[in-house]
């Protein structure tokens, strides 16, 4: 089995697909799928694994990601019979359109992973621009998919709501689980948000909720870590100042081992997002042994079932209620919840398990074997 994956860029550490797609490719190769990842040369000079093939940006706005070289290479691969599967990740850029064009050039199957780009929030963000792109290019490319891959039930519902009737593979992102290690407790207990500082993430809701709960829990501090996205970090710093918040820190972006240490040092993770199709940071926090509060803008209903946290409605009041309950828990209770969350990640979210199922989807699409249980046709 030979597969080509397409993604606009790699090397942007705060972007979920820039981590999850290469890790999926690596796990697929271990599962016996010959895999190439085609990307734009978005950040020249960045190191890339051997399985990554980069293409120059062509003329036009950078945000479109136009690359005639990528388009022609995909066509040639399909026409020559050198590939059975093209798997496109994301929407709204030309590398997400080219696979739909290549689908018509020969005997190949197309899988599309929208990666959260079909949520109501995402569709309305820069809505006018997306409506034009949808009508001219993106709808046709998605309609040519033989299978759509989503990471959660909510994303499956978005696909069906938009009228696409193809088979849908419901498979989560995988997660790397490091050795278990907890940072010794400090003088304060720590509530952590870690991720892009972007308006869809609900950081404004978190700051407003913190104003209510912070005076009741003076032993707790709030850490809001992550890179700025579009100048929103300055907005959030101003909001924190305007609200007169105490014990709030904005340490900026953290990556690699520093990020893992921050997860391990937190007593509780929080993500009050308006919209996320998976929210990798939740899985990372749980894998590090940290329980979580997550809004229903992200598909983490299992938090309550697994005893690993709270899944709450979007908004300030539900977040305040959850925080008041969670921050009042003794440290040993939260540690127990974190341990259950880590066990959950190991059991259900390993890259090996995800890759085996994705490979079975590819084989089924090519007429090799029965329809996998993760594929839905209703």
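Residue count for region 211-244, restricted to those that are touching a strand residue (DSSP E or B) at 6+ places or on another chain (Cβ under 8 Å), free of Cβ contacts under 8 Å to residues at least 60 places away in the same chain and not in a strand (DSSP E or B): 8.
Taken over region 264-285, the criterion of being in contact with a strand residue (DSSP E or B) (Cβ under 7 Å, 6 or more places away or on another chain), in contact (Cβ under 8 Å) with a residue 60 or more places away in the chain and either assigned to a helix (DSSP H, G or I) or not assigned by TED's automatic domain parsing to the domain that holds residue 307 (or both) is satisfied by 265, 281, 285.
For region 18-35, filtering for residues that are crowded, with 18+ Cβ neighbours inside 10 Å, within 13 Å of residue 86 (Cα to Cα) and free of Cβ contacts under 8 Å to residues at least 40 places away in the same chain leaves 2.
Every residue, every condition in (1) crowded, with 18+ Cβ neighbours inside 10 Å; (2) part of a strand (DSSP E or B), yes or no:
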site	(1), (2)
45	no, no
58	no, no
74	yes, no
78	yes, no
82	no, no
88	yes, yes
107	no, no
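Select from region 345-358 the residues that are buried (at least 20 other Cβ atoms within 10 Å of the Cβ) and out of contact with any strand residue (DSSP E or B) (no Cβ under 8 Å at 6 or more places or on another chain) and write down the one among them that is nearest to residue 301 (Cα to Cα). Ranking the candidates gives 345 first.
Applying the set (1) crowded, with 21+ Cβ neighbours inside 10 Å; (2) at positive phi to residue 256 leaves exactly one unmet item: (1).
Filtering region 307-338 to residues that are assigned to a loop (DSSP other than H, G, I, E, B) and surrounded by fewer than 19 Cβ atoms within 10 Å (Cβ to Cβ) leaves 307, 313, 314, 315, 328, 329, 330. Per the conditions (1) touching a residue at least 24 places away in the same chain (Cβ under 8 Å); (2) assigned to a loop (DSSP other than H, G, I, E, B); (3) touching a strand residue (DSSP E or B) at 6+ places or on another chain (Cβ under 6 Å), the sole criterion not satisfied by residue 166 is (1).
Only one of the numbered conditions (1) out of contact with any helix residue (DSSP H, G or I) (no Cβ under 6 Å at 6 or more places or on another chain); (2) in a helix (DSSP H, G or I); (3) modelled with pLDDT of 95 or more is not met by residue 158, and that is (3). Among the residues of region 291-306 satisfying the criterion of being part of a loop (DSSP other than H, G, I, E, B) and touching a helix residue (DSSP H, G or I) at 6+ places or on another chain (Cβ under 6 Å), which is surrounded by the most Cβ atoms within 10 Å (Cβ to Cβ)? This residue is 291.
The values are calculated or read from the model by the stated rules, or taken from the named source; none is laboratory data. Because the structure is predicted, anything quoted here is derived from the model rather than measured. Reconstructed Cβ throughout: ideal geometry from the backbone, glycine too, with neighbour counts over all protein chains shown.
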